[in-house]
Structures are given as C-alpha cells and as structure tokens.
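Notes follow the structure.
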Amino acid sequence: MRTVPPFAKALLTLAGVLFAAATVLYSALWMYDARWRPKVELGFDEQFVGSGHYELVTHVRTDSPAERAGLRHDDRIVRIDGRPLRDGDSLGDEWARHKPGDSVRLTIQRPGVAVPFDLRGTFRATGPESTEGVGRLGLDITGTYPIAFLAVGLAVLFLRIDDKNAWLLALLFAGFIGIAPFSNNSAGLSPYLRTFVIVYRAIFDGMFAALFYFFFAIFPARSPLDRRLPWLKWAALAIGVCAALVPFSEARRTFVAPLLYGLVVLGFVSLIGNAITAGTPDARRKIRVILWGAVVGVVPAVLMLATNDFLRIQAPLWLLAPVIVLLWLFPLSFAYAVVKHRVLEIPVLLKRSARYLLVQRGFLFLHLAISAAAAVLFAWALVRTRLLTPAGLTGGVAFGSVLALGGLRIHKTASERIDRAFFRNAYDARLIMEDLAHKTRTATNRAELAALLDEHLVEALRPNSLAIYLEASDARLSAERGRVPPELQTISVADPALVAVARYGRPRDVSQEELRSGFSPLSALSPLQPECLVPMLGRDSRLVGLLVLGTRLSEEPYSREDHQLLASVASQAGLALESIRLGEQIAERIEVERRAAQEMQFAREVQARLFPQKTPALRTLDYAGGCVQARQVGGDYYDFLELRPGRVALVLADVAGKGVSGALLMANLQANLRSQYALALEDLPRLLGSVNHLFYENTADNSYATLFFADYDNSTRRLRYINCGHLPPLLLRAAPACDGAGAHLRAVEHLGPTSTVLGLFDDWQCVSAEVQLAPGDILMLYTDGVTEAPNAEGEEFGESRLIETLRCHRGLPVASLLATVERAVQQFSGAEQADDITVVVARCTG
C-alpha cells in the first residue's frame, strides 16, 4: 500500500468532489427528464429520423387537434414554425415553449405529394397520465435507475479516494448511468443543462464498455487475459475515447457498437478467468459474488440494449422495469465483494445486519439526503419561477452545502451515542484501546509493556494471532509475545520488511496477494499470517517495536477507527519504549558508576596500605606524614623506610598524573623503591639511578615523577638527601636570626634540587647533599598541592603562607602541626580541592 502525499490527496479529493457533483447533477437531470411531460399536445405519436432530420408520424389520435389540422399517418414533419428540426430534441423544445391554446405551423412532406405544405394546429392541454398500478410502479422504478450506482460508486470513491480501483469503479458506475438515454430527449431542460447532459453522456456512454473491460482486467487481480495481452486494456480505452467522440447516429450503431459490445464480452471473460484461477477458496468465493452479480444483473440489460441497437426492437415498460431491478443487484453484490477487498470499510454492514447501515451510517446519509432534498426543492422553486440560470443553480448548490456542513456538529455528537446504544462491542473496544494508550505510559519494563499490549489488544480486537516485537540490543526487534517461528524470533530493523513498515509510519493492512508475492518485502513476514502491521516509532522516527495482528475472529477487517486507535497506542508505546530504554541506560550507568566507585574505594584502600603503616622510632627525631587526596586515588606518595636501626629514610614523591593513572605510576615507583632501598646505606645515588632506570623502562615516554629522598642518622643528626626535581623542602631552624630591620626571625633553609626528575631520561645522574640538624629544627616536605592550592579568586596558597603557618604553630606536636597545615590549605582553597595535599613533618629533638 503506497503512501499518497497530502498535496496529491488534496487534488484527488478535489477531483472526486467535481466528479461527484457532475454525476449527481446528471443523475438528477436524468430522473427529472424521466418524469417530465410536456404541458401541451397535438395528439399524435412520432419517431425522429436522424438521416432525414424529420419527425415521422406513426399514429394520429381520433378527434385530436392533429386530426382536425389534417395530419396523417406517415407524414413527415420537417419544420415547426419555419424552423428545421436539428435533432430529436427539437420537437420537445418547441412544445415546451407553448401553452394550451397556442397555434403552431407544421411543414409537412407527404408521400405522393411533391411539394411540402403547411398545416396549422392548436395546442390542447396534456391529459392525465393513463398509467396506474403496476404501470405506475414500473415508471417509478425506471425513473430511479441511477440511484444504486450513484450511492455505491460515490461511497466507494470517497472512502478510498487514493485507491485506483475505487476510481475505476466510480467511473464504471458513471458509465452505467450514462448509457441510459433520456426518455424525453432532455426537452424540459435549459440550453446550458442540455449541453452538459450531451457532453456527460457522450463521455460515459462511449467509455462504458472500455471501463467495463479495463476494470475486470485488473480487479481484484490481473486476469489471465490481461497477463497474456496487457496492451489490450489500453487499446480498449482508446476505442472508448473514439466512441465518445463519435456522435449518436446510424453509423455509430453500425460500426462502433459491435466493438463496444465486444469489450463488454471481454470484461466477462476476464471476470470468469479470475473466478477460475483465484488462488484460495476465499478469493474464489469473493470473485464469484461479483461474477454472479454481473451475470444476473448486467447480462439481461446488455441483451436488451443489443436488441434495441441491432434489431431496432424497443423493450416495453413491463420488461424494462424488471431488468432495471436485476441490474441493481450488480452494484449491491459488488459492494459486498469490494468490502472484502478493503475498498470499503463496512464489513459490519454484512456481519451485524442492516441495522448498522440504517443507524450508524444511516444517520449521516439521512442528513445528507435531507440537505440534497432541500437543494433540489430550492432548484425546483427556481424552475417554477423561471429563474433557472447558472447563478440560480449555484445558489441552490450553496444552499445545500450550507445545510450539509451545518449538520456535521450534530452528527459528531450523535455518533458517540449511536455507538454506545447500538454497537456496544465497538464502543467497548474503543474504550479498551483508549485505556491501553493511557496505561502504556506507566510501563516500567518491556515485559510489562508487552503484557499490557497483549491483554488489551486481544480483548479489544479479538485477532486470531498477535505477535509483539519490541526493541532489543544490536538494532534488532525481539518477539516478546505471540507464537513466532524460531527464524523470526528476532528481526533486524534493517530488514527490508521492517524498513518498509517504518517508512509507512502508521498502521497498514496486508493482503494475502501481497504476502504471496515474491516481489513484496512483506512476504518475509508471511509465516506470521499478518492482517495488519502497526509500527511503533521512537522520538527520532526510529522503529522501536512492531505489532503483527492476524485476521479477526469475526472475519471483519480492521476499520479506519481501529487504525486510528492502533496508531495512538503505537505512539504511546513508542514513547514508553524510549523511556524504558533511557531508564535502562541510566540504570546501567548507575551500576557502572557504582561498580567503579566500589572498585575505586577498594583501590583507595589498597593505596592507603601502600603508605607507611608505622613509623620506626628514633630518639632524636619526631616525624609524621599524611596525604589528603583530591580523588579516590592519586599520584602523591610518601614513605618511611628503616634502612637499619637508627637510620630512617624520609621519602616524598609526586607522580605526573592524577586519579587512577597517577596511582598506578605511584605504585610502580613505590615497588621499585621498596625492592632496592637497602642500597641507600652504601650508595644512595646508585639506588635512585636504578629506580630511574626501572621507572623509565616500565612507563610511557611522558611519565615522570619528582622525588625527595632523605637518609637521617639518629646518632649524628645528619640528613643526607637527593632532590629529584621536587619542590625544595623547608627547614625551619630553631636558632633565631636577624632580618635587615633587626627583627629576630626563625631562619628558613630550602633543600633544593640535586638532580632532574625521575623517568624522563634513561641517562640520568644525581648527586647527594647533606645538612646538619639541631634540636628544635623543623623539616617539612610537601607537594605542589599545598603551595599551588587556589582560592575562589584564583590566588595560590603559596610558600610564604606555608612558612607563616609553620612559624605560628611550630610549638605543636608534629602530628598536630601536620593537621594544622592541611587544615590551613583546605580552608584557603574552599570546598573544591584541585590536587592531592601531601605533607611530611619532622622535628629534631634533644
């Protein structure tokens, strides 16, 4: 089923309205003509002879004005009041101009008389109609001939305005209307309307046979004849066009009529061929409904017309009325079959009895009929007052249109009450589907959503089968509910069938012919026996689910209202699936973050075990260290290594990098140091040279670390150290010194770098330095997280504030002094800590 763009559908609707208006007007004029009788008469019967342009008198009634004027049987009337006869309408036109008592001059050609002569007669009033009882009923039947074709054809057209079969059917039924001649040759019509009648009848009378064959050549499927001779239907249309251009004459009867009857025969051949070759019993049953309707309804009418065209025998009224009644069976039986082929969505009309049509649809048709009747009465009033002009007709149409539009609000209000009162099942189904559309928004997972859809759809629509596909991983849909073959348990959204469904974007019916066709991408879904496919689209028009509904237990097709409700449910389900997917992603992210946090906490605990767990006791030195990390783990490192009794190494390092990467490098550096620190007693530069080599070999090119390594001798209070590119530790002397202004200040020494950083260069050299400590001296080792800690204005804590803090609190125990420094840095920088704060504090004692 292809999608028609909105602009094209609007054009089709406009064309349909114009076609319907023309057909309704023609039918109304035809029925008016069938009932029209002239107000005057002369009392003779006649027959127009087109080859000689005269009226042949076939009977003169006794004691009539014609008999008194001298008119005889077989006289030829060639002029009326001096005007020649153009066609069969001329006499009726002349009669319509007169009233009883008027005189008329007839120019007569009489057999045996060489020269035409004039006769003058006086009109009398037309007598009452002599037909009563069965005759009157026959006239009433023939006078309403177009109604069945008009009702079915236009109903099909407007319910399926974008379906080519609907257009073909409407045109074919217009042809059935057009082949019926005007019984009074449109004598009672104005010239404008007569011109319209002539053009309309010429087109559809000429095209009728061609449309009859063309339609049955392709509907409900291509006939065997069309498969063998596909060009024939186009040739038939060409013949129809030519026939429409040829005026009605004896030549047309002789040469064109046989071709037209031949096309009707080909139409029957195509229909019979389809009935024989239909693929399934159900399809054959439906086609045979059309076939029997055509045989019983159309064949008698065709035979009657052929008798008139070829044998010149006109059917009497008693035969004409039954033939028309039989002909009505064709559109009625056709409507039933068309319903089954989805041209009309009214199978309930057949399933739920005639009450459906009379109540649910009948209300609308009644309203439109009242509007149309009002418009006809308006036009009739114009005729009576001799105001039948184009402007008057336009006013009548506008009057009826206003009535029709004004009643739409009444119909909308009454429709719901009709549903509730007469069609409880349909009304309940709508409530169930609306409830489902609401509940889908509350589903929290796919299983819950699938259960909701399954329960409500089965309860509302009663499908034979239902498969529910919902989005899974890897751009695939997975069957959550329904009996699904193993090969269709999961389907890729890139599958051509799903691409076609997603592109259509709304519920669509699937025909058995489409499933059996190897050319349709939907044939891949044939194991599911789908009757209706409903895509569920996400916010980005991405296919996130699919409903596959089988035929309904009631054998009714899915109606337009079903499609609208299914579309609403699918829209809400699509949004629910998007929310579920988003919730799952958030839950996955939370779980990942929880695991990461758990792992990070474990890493922090492991790293905490890498820091010294005890401090070797020294008689002349109190010391303590601490690290406040900016993240769960970091790259700062401090350690206290007992080289031997009375000898302790104080180590502080800052690895380039933060977080996990910095922690891993720190662990690598710590492992290298602890595995070789015994070398420090003999050769400290050799120890650090080996550590540099291993760090260089085992890390990336851009990895490095700054390090301060100090060896303290408890017996001599001497500190031997190597500073590998680290911030110079502060040594606050106990003995005061004088500044330039004479004030006494504690002297501060910086233990500056003695080599470059570790890990950047394989060819690395270092030298050691020594410093003598005295009782009361304070040594502080720290990382850049202390001095470079910024405050809200971007100002750094700096070395001067660090020295001031030391001086102000130098009397505190080393552990308290350490905590004071950390707290001072944190208070300065505020809540946000940019880097690790690592400090080692040592005080020389007496």
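The values are calculated or read from the model by the stated rules, or taken from the named source; none is laboratory data. This one's a predicted model, so the numbers in the text were calculated from it and none came from an experiment. Using ideal geometry, Cβ is built from the backbone for each residue, glycine included, and neighbour counts are taken over all protein chains shown. Each accessible area value is taken on the protein alone, full model and side chains, heavy atoms only, with ligands, DNA and RNA left out. Shrake-Rupley method; radii C 1.70, N 1.55, O 1.52, S 1.80 Å.
Using the structure shown, decide if Leu154 is open to solvent by 10 Å² or more (accessible area, probe 1.4 Å) and either of a type in the set (Phe, Trp, Tyr) or in a helix (DSSP H, G or I) (or both). The answer is yes for Leu154. Number of residues in segment 23-40 that are at pLDDT 85 or above and open to solvent by 40 Å² or more (accessible area, probe 1.4 Å) equals 3. Among the residues of segment 57-68, is there at least one that is closer than 30 Å to Trp167 by Cα, assigned to a helix (DSSP H, G or I) and open to solvent by 30 Å² or more (accessible area, probe 1.4 Å)? No, the conditions are met nowhere in segment 57-68. Pairs, please: C-beta under 6 Å, at least 6 apart or cross-chain, first residue more than 18 Å from Trp292 (Cα to Cα) and touching a residue at least 40 places away in the same chain (Cβ under 8 Å) and in segment 216-231, second part of a helix (DSSP H, G or I) and open to solvent by less than 50 Å² (accessible area, probe 1.4 Å)? Partner pairs satisfying both residue conditions: Pro224/Gly273; Leu225/Ser270; Leu225/Gly273; Asp226/Ala217.
It is to be established whether one or more residues within segment 677-693 are over 29 Å from Pro813 (Cα atoms), of a type in the set (Val, Ile, Thr) and open to solvent by 30 Å² or more (accessible area, probe 1.4 Å). No; the residues of segment 677-693 include none that is over 29 Å from Pro813 (Cα atoms), of a type in the set (Val, Ile, Thr) and open to solvent by 30 Å² or more (accessible area, probe 1.4 Å). Inclusion of Asp93 among residues that are modelled with pLDDT under 85, among the acidic types (Asp, Glu), assigned to a helix (DSSP H, G or I) and buried (at least 20 other Cβ atoms within 10 Å of the Cβ) is warranted. Consider Phe248 carefully, then state whether it is modelled with pLDDT of 80 or more and either within 17 Å of Ile179 (Cβ to Cβ) or open to solvent by less than 50 Å² (accessible area, probe 1.4 Å) (or both). Judged against the criteria, Phe248 is not a match.
Between Leu582, Leu575, Leu546, the distinction of being assigned to a helix (DSSP H, G or I), under 14 Å from the mean Cα position of the chain (by Cα) and over 27 Å from Arg222 (Cβ atoms) belongs to Leu575 only. Taken over segment 560-583, residues that are closer than 19 Å to Val510 by Cα and without any contact (Cβ under 8 Å) to a residue 12 or more places away in the chain amount to 1.
Restricting segment 563-574 to residues that are touching a helix residue (DSSP H, G or I) at 6+ places or on another chain (Cβ under 7 Å) and open to solvent by 20 Å² or more (accessible area, probe 1.4 Å) leaves a set whose member that is farthest from Phe158 (Cα to Cα) is Gln572.
The helices (runs of 4 or more DSSP H) located wholly in segment 635-720 include none with 3 or more residues which are among the charged types (D, E, K, R). Would you say Leu650 is open to solvent by less than 10 Å² (accessible area, probe 1.4 Å) and at pLDDT 85 or above? Taking the combined requirement at face value, the residue satisfies it. When the residues of segment 753-803 are filtered to those that are touching a residue at least 60 places away in the same chain (Cβ under 8 Å) and acidic (Asp, Glu), the one that is surrounded by the fewest Cβ atoms within 10 Å (Cβ to Cβ) is Asp762. Close Cβ contacts (under 9 Å, 6 or more residues apart or on different chains) running from residues in segment 497-508 that are in contact (Cβ under 8 Å) with a residue 24 or more places away in the chain and open to solvent by 10 Å² or more (accessible area, probe 1.4 Å) to residues that are basic (Lys, Arg) and in a loop (DSSP other than H, G, I, E, B) comprise Ala502/Arg542; Tyr504/Arg2.
Within segment 755-795, the residues that satisfy the criterion of being over 60 Å from the mean Cα position of the chain (by Cα) and charged (D, E, K, R) are Asp762, Asp763, Glu770, Asp777, Asp784. Taking first residues from segment 69-89 that are among the basic types (Lys, Arg) and outside any strand (DSSP E or B) and partners that are modelled with pLDDT under 85 and surrounded by 14 or more Cβ atoms within 10 Å (Cβ to Cβ), the Cβ contacts under 8 Å between residues at least 6 apart in sequence or on separate chains come to Arg86/His53. Restricting segment 514-548 to residues that are out of contact with any strand residue (DSSP E or B) (no Cβ under 9 Å at 6 or more places or on another chain) and open to solvent by 60 Å² or more (accessible area, probe 1.4 Å), the residue that is modelled with the highest pLDDT is Pro527. Residue count for segment 830-841 satisfying the condition of being closer than 24 Å to Ala653 by Cβ and either aliphatic (A, V, I, L, M) or open to solvent by 20 Å² or more (accessible area, probe 1.4 Å) (or both): 7.
Would you mind stating whether Ala460 is open to solvent by less than 50 Å² (accessible area, probe 1.4 Å) and either touching a helix residue (DSSP H, G or I) at 6+ places or on another chain (Cβ under 9 Å) or farther than 25 Å from Pro5 by Cα (or both)? Answer is yes for this residue.
Checking Ser186, Ser190 one by one, the residue that is at pLDDT below 85, surrounded by fewer than 24 Cβ atoms within 10 Å (Cβ to Cβ) and among the polar types (S, T, N, Q) is Ser190 and no other.
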